[in-house]
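One structure is given below, encoded as structure tokens.
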Amino acid sequence: MKTTVHGIHHVTAIAGNPQENLDFYAGVMGMRLVKKSVNQDAIDTYHLFYADAAGTPGSDLTFFPWPNMGPGRPGVALTMEVPFAVPLGSLKYWQKQFDDLGVNYAKIETRFGETTLPFRDPHGLPLALVETDDERPFVPWQKSLVPPGHQLRGMHSVRLWERHLAPTETLLTDRMGFTLIGVENGWHRYGVDGGGSGKLVEVKEMPEESRGRWGTGSVHHVAWRAHDSEEEMALRSVIESAGLNPTPQIDRFWFKSVYFREPGGVLFELATDGPGFDRDEDMERLGEQLILPPWLEPHRKEIEAGLPFLKMPGAGSN
Ligand code: ZN
């Protein structure tokens with residue numbers, strides 16, 4: 001049987017100041033902080049997870065805030081934009097919201113027939129809002145500043161720059177279940193599992209571009225959905241047989257992960273749909289407390305002392 005991923009699971013990016021990050025995503029963008037944890041590989045750093053009310057796979061944008069890191073350098077081997085889905089007609093609301101709150105945005109564009117508003121977060125991360133009427137699972141966040149009718153439905157796609165298209169295309173189509181849907185302005189759009197919103201990746205070949213570098217305002221990795229651990233391990237072996245170098249399966253507590261660099265150098269992850277963010281917190285209270293995986297719990301005191309205080313923005317507060 002051919003292996004396939006099932007769309008975007010989450011995207012993780014690098015931010016600057018964590019309070020500015022929280023104010024923007026839980027305030028301006030109206031997302032729910034569904035988990036406040038630490039970077040399991042650098043425990044003096046937060047790991048902040050923003051999503052819909054339930055942390056539905058595909059809705060979750062997470063950040064490592066590293067205020068002392070310099071800005072990233074755009075280039076090949078990086079995810080260069082994270083477009084979010086919003087309902088048809090929502091861009092009017094969002095332009096007014098951005099005007100009122102002083103967020104800069106670019107001109108509206110049409111991409112693959114979809115009305116798109118590109119903008120950046122306070123630390124330079126390129127984002128976009130894309131109007132779509134594709135059906136997707138979504139749980140509105142009732143305490144959001146943004147009315148449910150305009151809330152973000154999750155990641156619509158991810159946009160990668162590559163030095164060479166072919167090796168990445170082969171991995172996507174031969175090993176990960178994607179098919180080419182269309183080409184426009186140099187962007188190659190691939191879809192998986194029917195290719196609707198949240199099941200898309202777009203790749204642009206930039207042969208002259210130098211290699212990008214991680215820093216504040218850049219995407220760290222893109223995670224793709226595997227339904228369960230068994231499917232993830234089947235995907236892992238297919239990726240290994242393609243000559244790539246996947247990590248062993250790592251238990252991230254809320255899901256299980258395998259990391260690998262695709263042939264062009266972009267860091268990918270496979271992540272299981274479960275167990276989910278309510279494994280260690282009541283669904284009603286997600287994100288209120290600093291949550292540590294069980295193996296870090298004995299060090300809670302030192303970990304908390306090493307983290308800056310964070311205040312929930314009024315409008316997005318629990
Ligand atoms: Zn991840």
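So which chymotrypsin sites (Phe, Trp or Tyr not before Pro) in segment 259-310 are both in a DSSP loop and have at most 10 other Cβ atoms within 10 Å of their Cβ?
Answer in residue order: Trp295, Phe309.
Per residue of segment 5-16, what does 6.51 cos²θ - 1.76 cosθ + 1.60 with θ = phi - 60° give for ³J(HN,Hα)? Whole Hz please, x for Gly and Pro, Karplus curve as stated.
8, 10, x, 6, 8, 7, 10, 10, 10, 10, 10, x
Which of the GluC sites (Glu not before Pro) across segment 141-218 are loop residues per DSSP, with 10 or fewer other Cβ within 10 Å?
Working: sites: Glu162, Glu169, Glu184, Glu202, Glu205, Glu208, Glu209; in loops: Glu208, Glu209.
In loop regions of segment 141-218 (DSSP not H, G, I, E or B), the sparsely surrounded GluC sites (Glu not before Pro) are Glu208.
Relative to the Cα centre, what is the charge dipole magnitude of segment 8-305, using +1 at the beta carbon of each Lys and Arg, -1 at the beta carbon of each Asp and Glu, and rounding to the nearest 20 debye?
Numbers: 29 positive and 43 negative charges, 110 e Å.
For this selection, approximately 520 debye.
Only bridges with both residues in the chain count here: give the DSSP antiparallel percent, nearest 5. All intermediate terms of the calculation are to be shown ahead of the outcome.
On the way: 47 of 70 bridges.
Here the antiparallel bridges make up roughly 65 percent for the chain.
Karplus couplings for segment 188-193 from phi (6.51 cos²θ - 1.76 cosθ + 1.60, θ = phi - 60°), rounded to Hz, Gly and Pro as x?
In residue order, the calculated couplings are 9, 9, 10, x, 10, 6 Hz.
Once you mark the trypsin sites (Lys or Arg not before Pro) that are in a DSSP loop and have at most 10 other Cβ atoms within 10 Å, what is the longest gap between them in the chain? Can you show the working numbers first?
Values: sites that count: Lys2, Lys107, Lys311.
Result for the longest clean stretch: 108-310.
By the gyration tensor of its Cα atoms, with a ≥ b ≥ c the square roots of the eigenvalues, what is the shape of segment 116-224: rounded for a/c under 1.5, prolate for a/b over b/c, or oblate?
Values: a/c = 2.20, a/b = 1.36, b/c = 1.62.
It is oblate, given that a/c is not under 1.5 and a/b is not larger than b/c.
Sort the chain into rounded, prolate or oblate with this rule: let a ≥ b ≥ c be the square roots of the eigenvalues of the Cα gyration tensor; rounded if a/c is under 1.5, and if a/c is not under 1.5, prolate when a/b is larger than b/c, oblate otherwise. Present the calculation step by step, with values, prior to reporting the outcome.
Values: a/c = 1.45, a/b = 1.12, b/c = 1.29.
Rounded.
Using a Förster distance of 25 Å, how high is the FRET efficiency between Phe119 and Ala42, based on the Cβ-Cβ distance and rounded to 0.05?
Values: r = 29 Å, r/R0 = 1.14.
Once the sixth-power term is evaluated, E becomes 0.30.
Rounded to the nearest 500, what is the chain's calculated 222 nm mean residue ellipticity when only DSSP H runs of at least 4 contribute -39500 (n - 2.57) each, over all residues? Could the numbers behind the result be given before it?
Numbers: 5 runs with 41 residues, N = 318.
So the helix-based figure for the chain works out to -3500 deg cm²/dmol.
So with the 1.4 Å probe, I'd like the accessible area per residue for the chain, rounded to whole Å². Working shown, then result.
Details: 13250 Å² over 318 residues.
I get 42 Å² per residue for this part.
Please state the shape class of segment 43-174: rounded when a/c is under 1.5, otherwise prolate if a/b exceeds b/c and oblate if not, all from the C-alpha gyration tensor. Provide the component values of the computation, followed by the final result.
On the way: a/c = 1.41, a/b = 1.19, b/c = 1.18.
Judged from the Cα gyration tensor, segment 43-174 comes out rounded (a/c under 1.5).
If amide H atoms are built 1.01 Å from N in the plane of the peptide, which residues on other chains or at least 5 residues away come under 5 Å of the amide H of His47?
Result for His47 returns Ser37, Val38, Asn39.
The values are calculated or read from the model by the stated rules, or taken from the named source; none is laboratory data. All figures in this text were calculated on a predicted structure; none of them were measured in a lab. Positions of Cβ are backbone-derived with ideal geometry, glycine not excepted, and every protein chain shown enters the neighbour counts. SASA here: full protein model, heavy atoms, side chains in, ligands and nucleic acids out. Shrake-Rupley method; radii C 1.70, N 1.55, O 1.52, S 1.80 Å.
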